[in-house]
Amino acid sequence: MATYCTQADLERRAHPSNVARWADDDGDGVLSTAEAANITACIERAEAIINAKLGRRYSVPFSQVPDIIREIAVDLATFYLAERRGFVSTGQGLQAASIADAYQEAMRLLDAIAEGRVYIGVGEAAEPIESTTQQVEPTFSRMPVDKSTGQN
């Protein structure tokens, strides 16, 4: 199984100091093995969400990770890691609003992929899953007018 993203991916997105700070439970500035595992846990959580949302359409976990899936995993894992510390950052890299916005967009994109509205470059493009909403075109007709009163 390929890992959807790595700690280095998170550091590129959010800055290494933020990733370390969000994982550092005792605040000593050094990540212990257990604290480094916090990063891994957030990456695994992101992968689990991706697999759960896309498992009906694709064979997951992906053996070759499409670029868009890697980007989604980074957005989700960054959100989960920052969430551990209330989104407080060192002022470098992403800010709380952009982390939350990226998370929301990643979730919307996962839904679109799962519904077949977005092709990710894996397998054949599939027919979109039927939506539960139905668009109905309005129809108009004229009511006869009573010539004696001029009303419908």
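The values are calculated or read from the model by the stated rules, or taken from the named source; none is laboratory data. What you see is a predicted model; the values in this text were computed from it and never measured. Note: ideal-geometry Cβ built from the backbone for every residue, glycine included; neighbour counts use all protein chains shown. Each accessible area value is taken on the protein alone, full model and side chains, heavy atoms only, with ligands, DNA and RNA left out. Shrake-Rupley method; radii C 1.70, N 1.55, O 1.52, S 1.80 Å.
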Checking Ala34, Ala23 in turn, the sole residue that is open to solvent by 30 Å² or more (accessible area, probe 1.4 Å) and of a type in the set (A, V, I, L, M) turns out to be Ala34
Only one of these conditions is not met by Lys53: (1) more than 15 Å from the chain's Cα centre (by Cα); (2) closer than 17 Å to Tyr103 by Cα; (3) of a type in the set (Lys, Arg). Which number is it?
-> (1)
Those residues of the range 39-62 which are surrounded by 15 or more Cβ atoms within 10 Å (Cβ to Cβ), in contact with a helix residue (DSSP H, G or I) (Cβ under 8 Å, 6 or more places away or on another chain) and farther than 15 Å from Asp9 by Cα, in sequence order = Arg45, Ile49, Ile50, Lys53, Leu54, Arg57, Val60, Pro61, Phe62
Considering only the range 78-88, how many residues are under 18 Å from Gln7 (Cα atoms) and surrounded by fewer than 19 Cβ atoms within 10 Å (Cβ to Cβ)?
-> 4
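Would you mind finding the one in Asp101, Asp75, Asp111 that is outside any loop (DSSP other than H, G, I, E, B), without any contact (Cβ under 8 Å) to a residue 60 or more places away in the chain and surrounded by 14 or more Cβ atoms within 10 Å (Cβ to Cβ)?
Of the residues listed, the single one that is outside any loop (DSSP other than H, G, I, E, B), without any contact (Cβ under 8 Å) to a residue 60 or more places away in the chain and surrounded by 14 or more Cβ atoms within 10 Å (Cβ to Cβ) is Asp101.
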